[in-house]
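See below for the structure under consideration.
The values are calculated or read from the model by the stated rules, or taken from the named source; none is laboratory data. Keep in mind that this is a model prediction, so the values were computed, not measured. Here the Cβ is made from the backbone with ideal geometry for all residues, glycine too, and neighbour counts use every protein chain on show. Accessible surface is based on the protein model in full, side chains and every heavy atom, while ligands, DNA and RNA are left aside. Shrake-Rupley method; radii C 1.70, N 1.55, O 1.52, S 1.80 Å.
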Amino acid sequence: MPKDTTARKLAPQPARQFDAGERQALYDIINARRDVRNEFRPDPIDPAALRRILEAAHAAPSVGFMQPWDFLLIRDPDRRASIHEAFQSANAEAAEMFEPERKAKYSALKLEGILTAPLNICVTCDRSRGGKVVLGRTHNRDMDLYSTVCAVQNLWLAARAEGVGIGWVSIFRPEDLRGLLGIPDHVEIVAYLCAGYIDELFVQPELQARGWRERLPIDSLIHEEEWPGA
């Protein structure tokens, strides 16, 4: 390969500039993203759309470019029934952790779509990928986990753009999911997602709409230079 071609490949190229409509579309998708529990349609996700969604997840930034994520696609009804049982057991434990008034509110919430969504996706982080020493993870070993969460966010936003809803189910004992999905010990479970087409969504996040919590004002969370009162 000629030297000037190699140099061009290794040097930054002019950055694409996005017009106002493109920028607004991104902000619209971010603001329209919801955690979906009960609004899934039963029809399967178009394979081409699913591929685009997973490729968007795979385009996420990762520490040392280690790309530690894997995506387990779970469709089998029997397997999902077992996973749903594991959720129910953990959810019963979770309900007991709240004060009586909060417990009643908690128990009235639907917190998963494991059986109603046509597809479940388990997103994992292979902590051994990239070897013993990974660029950028030398002083914060959890950067691989944060990288995988970036992949989940990419997946979520791409899915919303495709008309696909995503619900993140976090109420599991990790060892239960690990056993049901055959996940090895060195691989961490980061997210268990329910996915399917949706026709309706809450205008606000559902927990906000149902009075569980209010959105915090952004100005109370922005600080200059150091922690307030430091």
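Could you check, for the stretch 112-123, whether at least one of its residues is over 22 Å from the mean Cα position of the chain (by Cα) and either among the aromatic types (Phe, Trp, Tyr) or within 28 Å of residue 156 (Cα to Cα) (or both)?
no
List the number of the failed condition for residue 94; all other conditions in (1) open to solvent by 60 Å² or more (accessible area, probe 1.4 Å); (2) in a helix (DSSP H, G or I) hold.
(1)
Any chance the stretch 110-117 includes a residue that's farther than 16 Å from residue 35 by Cα and either in contact with an Asp or Glu (Cβ under 8 Å, 6 or more places away or on another chain) or open to solvent by less than 30 Å² (accessible area, probe 1.4 Å) (or both)?
Checked the stretch 110-117: no residue is farther than 16 Å from residue 35 by Cα and either in contact with an Asp or Glu (Cβ under 8 Å, 6 or more places away or on another chain) or open to solvent by less than 30 Å² (accessible area, probe 1.4 Å) (or both).
Return the pairs, sorted by first residue and then second, in which the second residue is open to solvent by 90 Å² or more (accessible area, probe 1.4 Å) and among the acidic types (Asp, Glu), the first residue lies in the stretch 21-44 and is assigned to a loop (DSSP other than H, G, I, E, B), the beta carbons are less than 9 Å apart, and the residues are 6+ apart or on different chains.
Cβ pairs passing all conditions: 39/199; 39/200; 41/199.
Which pairs do you get when a residue that is more than 17 Å from residue 212 (Cα to Cα) and touching a residue at least 60 places away in the same chain (Cβ under 8 Å), found in the stretch 77-102, comes within reach of a residue that is among the acidic types (Asp, Glu) and in a helix (DSSP H, G or I), reach meaning Cβ atoms under 7 angstrom, with the pair 6+ apart or on two chains?
86/176
Could you check how many residues of the stretch 150-188 are in a strand (DSSP E or B) and closer than 16 Å to residue 57 by Cα?
From the stretch 150-188, those in a strand (DSSP E or B) are 164-169, 187-188; that's our starting set.
Still in the running and closer than 16 Å to residue 57 by Cα: 164-168.
Total satisfying the criteria: 5.
Quick check on my filter: what residues within the stretch 56-91 are touching a Gly at 6+ places or on another chain (Cβ under 9 Å) and open to solvent by 60 Å² or more (accessible area, probe 1.4 Å)?
Answer for the stretch 56-91, where residues must be touching a Gly at 6+ places or on another chain (Cβ under 9 Å) and open to solvent by 60 Å² or more (accessible area, probe 1.4 Å): just 65.
Residue by residue, here is whether (1) more than 29 Å from residue 102 (Cβ to Cβ); (2) surrounded by fewer than 15 Cβ atoms within 10 Å (Cβ to Cβ) holds:
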residue	(1), (2)
142	yes, yes
154	yes, no
178	yes, no
182	yes, yes
190	no, no
206	no, no
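Considering only the stretch 208-220, how many residues are open to solvent by less than 90 Å² (accessible area, probe 1.4 Å) and over 21 Å from residue 109 (Cα atoms)? Break it down into steps so the answer makes sense when it comes.
Keep residues of the stretch 208-220 that are open to solvent by less than 90 Å² (accessible area, probe 1.4 Å), which gives 208-209, 211-212, 217, 220.
If we keep only those that are over 21 Å from residue 109 (Cα atoms) as well, we get 217, 220.
Selection size over the stretch 208-220: 2.
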